[in-house]
Amino acid sequence: MPTHATYPGVYVEELPSSVRNISTVTTSVTAFVGHTRRGPLNHPVRVTSFADFERRFGGLTSKSPLSYAVHQFFGNGGTVAVIVRAVKAGTGEEACVTLESTEGHSECPVLEVHAKEPGIWGDGLRVAVDHDTTACEETFNLQVLDAKGTARESYGNLSMDPESGRYAETVINAGSQLIRVKVLDEGRPDPSGTVSKPFAHELPDLAVDLTVKIGEVEREFTLYDPDQDGEAPCTVTELALLLERKLRALPDAPGKHAFAGAQVTAFGRRLQVVAGSADPEDVVRFVGECANDLGLEASVNPPVFPLSGGVDGDAPGPRDIIGSEARKTGLQALRDVDDVNLLSLPELSAYENTEDMVTVLSAAERLCRERRIFHLVDAPSTWVSVDSARAGIGALDSVRGNHSGLYFPHLQLTDPLTGRLRTFPPSGAIAGVIARTDGERGVWKAPAGTEARLAGVHSLSVKLTDRENGLLNPLGINCLRTFPMVGPVVWGARTLQGADALDSEWKYVPVRRLALHVEESLLRGLQWVVFEPNNEQLWQQIRLNASSYLHGLFQQGAFKGGTPREAYFVKCDKDTTTAEDIDNGIVNVVVGIAPVKPAEFVIVKIQQMAGQFEL
């Protein structure tokens, strides 16, 4: 804001800097697409640890190569992963239960509760309902529990009225990670357990003998004994406390907690009695004439309503992995996700049909080019020797892009589920090594060498010699090797386009990934340029901002050359942006970098020096 000078003296103004920082983007966020035990279908979910993956996707399962790949990713230094669950089209069912209502009319279904995602995991969910609310009489509370009876989610003061701010569908479907509901009819669902009829203002005679049956266990007790219980209850709440104390004092069946954990709640003029068990079979039933007189058999339901009918989806096929760009399914779900740098498709290596693998790789290569992602390709499981790898690589000639690198052979690790050695595709572990290398050295450091150790790997499915490595490396196959004192390591850093015969400028993985990193950083960092006046002042600011960002990389060792002039250049002036470009609203920025390339071949020459005579 300009200073308004009103008196003789010195004025100070703060001027905004013309330099806008270009922030570096992520380099090692890895996307995994494939089959999991549970989780939202075709919806990218970001996880930051394997424990996080277990909570959202069910953890390890022998039917999911993806689950093991994620485990190896975090075990080797990975920090952030994006998971996309895919299943075979037309398979998978959600577990569900229908809640009914008997209030004011004949029994009818009113609320349908579904597990949030398909799979048999939903059969372990339980739903409990009570009417002990702080709002009007038409509201209810709903609780979601697991198979052990542990409460996972709770929703209070829910309404079946669509006009209400606590409408059940809106509240639960927007907030729950476990279930979704659908209102079928008016009337709130019946509560769990056994519910009494409304008591009159004055309580009936409570000095009666009652018979209660929970599951298969039947017990008798006296509801109120003046000699033992003191003053008689006067309110429904006091009656609830008395009945709960009496039930909990009854002996349980061996190993059960149905009586000892029984809960009695008063709401309005009613009682709700729930067994202290998450077993749907443990229904509380009061038997006999006295129970009828007290109205304890008005409504009898299990302590929880179990969901059932969940079916796991089958493993996805090639079409399911590729997905639909219009519906954003499979691989195409990643189009809406920012900051994905690496891609792993561990299920591809098990495909027996090479054409299926090539079809998926082609779609993945297209996505990677458009989204600046690098694909870590697993060698097919049929490559069980050097000869089979040399014979099989020709089938991948049509998908030899520079946005992917292929790794051979597979890894042998101890399966945490069985304790036995199993063979796994390496892409998950490789992604972890890349993440670790990026964090310790930078994206310009080749994720290979003695520092690129594969943690937790017992051995490799094919043990390679130097000569065999020399046959595969020129073909663009990155080998995994085992060396004494070091163990299993990544011993190759070429893209699929890095075969010697192709003579590609994108031969090396770190060069390709550094360029992608620079492109994405500049793309985001120069967004402010849009709609600015296209003149020399703008060009100067662009040169200043881009040069400042590249100079930071130069100081970290990302570029070769002893001076900035040798390492990079930024050109944006009247030579790059002509008068015609200005008329068309175009500003052209030319950026050049000199990336460091890995020392792939280290040649040591030793010469014997002849003895010399002193003169």
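I need a count of the residues in the range 442-472 that are in contact (Cβ under 8 Å) with a residue 60 or more places away in the chain and under 28 Å from Gly557 (Cβ atoms).
9
Within the range 171-230, how many residues are within 20 Å of Asp252 (Cβ to Cβ), touching a helix residue (DSSP H, G or I) at 6+ places or on another chain (Cβ under 9 Å) and among the polar types (S, T, N, Q)?
So the count comes out to 2.
So, in the range 408-436, how many residues would count as being under 28 Å from Glu370 (Cα atoms) and either among the acidic types (Asp, Glu) or surrounded by fewer than 24 Cβ atoms within 10 Å (Cβ to Cβ) (or both)?
Qualifying residue count for the region: 1.
Can you tell which of Val300, Val377 is out of contact with any helix residue (DSSP H, G or I) (no Cβ under 8 Å at 6 or more places or on another chain) and not basic (Lys, Arg)?
It is Val300.
I'm checking my understanding of the structure. Among residues of the range 167-205 that are open to solvent by less than 50 Å² (accessible area, probe 1.4 Å) and free of Cβ contacts under 8 Å to residues at least 40 places away in the same chain, which one is nearest to Glu231 (Cα to Cα)?
Leu203
Within the range 269-276, can one find any residue that is in a loop (DSSP other than H, G, I, E, B), open to solvent by less than 60 Å² (accessible area, probe 1.4 Å) and touching a strand residue (DSSP E or B) at 6+ places or on another chain (Cβ under 7 Å)?
yes
Any idea which of Leu239, Leu271, Leu294 is in contact with a helix residue (DSSP H, G or I) (Cβ under 7 Å, 6 or more places away or on another chain) and touching a residue at least 40 places away in the same chain (Cβ under 8 Å)?
Within the list Leu239, Leu271, Leu294, the selection yields Leu271.
Got a number for residues in the range 133-152 being crowded, with 16+ Cβ neighbours inside 10 Å and touching a Leu at 6+ places or on another chain (Cβ under 9 Å)?
Number of matching residues: 7.
Could you figure out which of (1) touching a residue at least 24 places away in the same chain (Cβ under 8 Å); (2) outside any helix (DSSP H, G or I); (3) open to solvent by 50 Å² or more (accessible area, probe 1.4 Å); (4) not aliphatic (A, V, I, L, M) isn't true of His71?
Tallying (1) touching a residue at least 24 places away in the same chain (Cβ under 8 Å); (2) outside any helix (DSSP H, G or I); (3) open to solvent by 50 Å² or more (accessible area, probe 1.4 Å); (4) not aliphatic (A, V, I, L, M), His71 fails exactly one: (2).
I'd like to verify a number: residues in the range 350-362 that are modelled with pLDDT under 95 and either hydroxyl-bearing (Ser, Thr, Tyr) or assigned to a loop (DSSP other than H, G, I, E, B) (or both), how many?
Going through the range 350-362 one residue at a time, the tally reaches 4.
Is it the case that some residue within the range 330-348 is in contact (Cβ under 8 Å) with a residue 40 or more places away in the chain, part of a strand (DSSP E or B) and not polar (S, T, N, Q)?
The answer is yes, given that some residue of the range 330-348 is in contact (Cβ under 8 Å) with a residue 40 or more places away in the chain, part of a strand (DSSP E or B) and not polar (S, T, N, Q).
Taking the residues in the range 503-552 that are in a helix (DSSP H, G or I) and acidic (Asp, Glu) as candidates, determine which candidate is least open to solvent (accessible area, probe 1.4 Å).
Filtering the range 503-552 for residues that are in a helix (DSSP H, G or I) and acidic (Asp, Glu), the one least open to solvent (accessible area, probe 1.4 Å) comes out as Glu520.
So which residues in the range 486-502 are surrounded by fewer than 22 Cβ atoms within 10 Å (Cβ to Cβ) and either in contact with a His (Cβ under 9 Å, 6 or more places away or on another chain) or not hydrophobic (A, V, I, L, M, F, W, C) (or both)?
If the condition is that a residue be surrounded by fewer than 22 Cβ atoms within 10 Å (Cβ to Cβ) and either in contact with a His (Cβ under 9 Å, 6 or more places away or on another chain) or not hydrophobic (A, V, I, L, M, F, W, C) (or both), then Gly487, Gln497, Asp500 are the ones that fit.
The values are calculated or read from the model by the stated rules, or taken from the named source; none is laboratory data. Just so it is clear, the model here is predicted, and its values are computed rather than measured. Reconstructed Cβ throughout: ideal geometry from the backbone, glycine too, with neighbour counts over all protein chains shown. Keep in mind that these areas ignore ligands, DNA and RNA; they rest on the heavy atoms of the full protein, side chains included. Shrake-Rupley method; radii C 1.70, N 1.55, O 1.52, S 1.80 Å.
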